[in-house]
1. Return the pair list, or none, for Cβ contacts closer than 7 Å from residues in the stretch 3-18 that are within 14 Å of residue 45 (Cα to Cα) to residues that are surrounded by fewer than 22 Cβ atoms within 10 Å (Cβ to Cβ) and among the aromatic types (Phe, Trp, Tyr), at least 6 apart or on different chains.
2. Would you check which residues across the stretch 22-62 are of a type in the set (A, V, I, L, M), open to solvent by less than 30 Å² (accessible area, probe 1.4 Å) and within 11 Å of the chain's Cα centre (by Cα) and list them?
3. Considering every residue within the stretch 73-85, establish whether at least one is among the charged types (D, E, K, R) and touching a helix residue (DSSP H, G or I) at 6+ places or on another chain (Cβ under 8 Å).
4. Select from the stretch 68-82 the residues that are open to solvent by 40 Å² or more (accessible area, probe 1.4 Å) and at positive phi and list them in ascending order.
5. So which residues in the stretch 104-127 are at pLDDT below 95, open to solvent by less than 40 Å² (accessible area, probe 1.4 Å) and not in a strand (DSSP E or B)?
6. State which residue is surrounded by the most Cβ atoms within 10 Å (Cβ to Cβ) when the search covers only the stretch 2-20 and only residues that are out of contact with any helix residue (DSSP H, G or I) (no Cβ under 8 Å at 6 or more places or on another chain) and not in a strand (DSSP E or B).
7. Write out, first by first residue and then by second, each pair whose Cβ atoms fall under 6 Å of each other, whose residues are 6+ apart or on separate chains, and whose first residue, in the stretch 100-117, is without any contact (Cβ under 8 Å) to a residue 40 or more places away in the chain while the second is open to solvent by 20 Å² or more (accessible area, probe 1.4 Å) and part of a strand (DSSP E or B).
8. Can residue 65 be described as in a loop (DSSP other than H, G, I, E, B), open to solvent by less than 50 Å² (accessible area, probe 1.4 Å), on the phi > 0 side of the Ramachandran plot and free of Cβ contacts under 8 Å to residues at least 40 places away in the same chain?
Amino acid sequence: MLYTMMHGKIHRATVTEANLEYMGSVTIDSDLMQLAGILPGERVQIVDNNSGSRLETYTIAGAPGSGVICLNGAAARLVQPGDKVIIMAYAQMTEQEALSLVPKVVMVDENNKPMKVRGTEMEREIG
């Protein structure tokens with residue numbers, strides 16, 4: 001049996017843009033993606049803490065260090081710039097893999113700059 005486990009998360013990021021005219025996806029600062037172990041094109045779930053909306057889409061790497069979190073296409077109707085969101089990526093794995101999984105969680109400040117990364121070899125403060 002395979003389990004679907006959360007392997008990477010960007011916690012309480014601030015939505016910087018919502019672009020209804022783009023064909024879909026979420027653009028995320030590539031530095032944040034790398035810290036969370038989220039790949040370009042990977043399926044993610046996004047939870048909007050302000051509206052309660054939940055959606056799934058795929059990722060596009062944004063400019064490193066930009067802090068960009070931009071919901072594109074139809075997802076732009078579910079969020080507003082300034083909303084706080086949680087972005088989670090999942091992976092399928094065996095029970096043995098799941099039991100040893102240590103998810104990467106990136107905590108960001110109000111400008112989407114990483115403050116702390118949990119679940120890496122050593123939990124560490126950034127900055």
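The values are calculated or read from the model by the stated rules, or taken from the named source; none is laboratory data. Since the model is a prediction, treat every value here as computed from it, not as a measurement. Glycine also receives a Cβ, built like all others from the backbone with ideal geometry; neighbour counts cover every protein chain displayed. Keep in mind that these areas ignore ligands, DNA and RNA; they rest on the heavy atoms of the full protein, side chains included. Shrake-Rupley method; radii C 1.70, N 1.55, O 1.52, S 1.80 Å.
1. 4/90; 5/90; 6/90; 7/90
2. 26, 28, 32, 33, 36, 38, 44, 46, 47
3. Looking for residues that are among the charged types (D, E, K, R) and touching a helix residue (DSSP H, G or I) at 6+ places or on another chain (Cβ under 8 Å), one finds none in the stretch 73-85, hence no.
4. 82
5. Listed by number, the residues that qualify are 119, 120.
6. 15
7. Every condition considered, the pairs that remain are 109/115; 115/107; 116/107; 116/125.
8. yes
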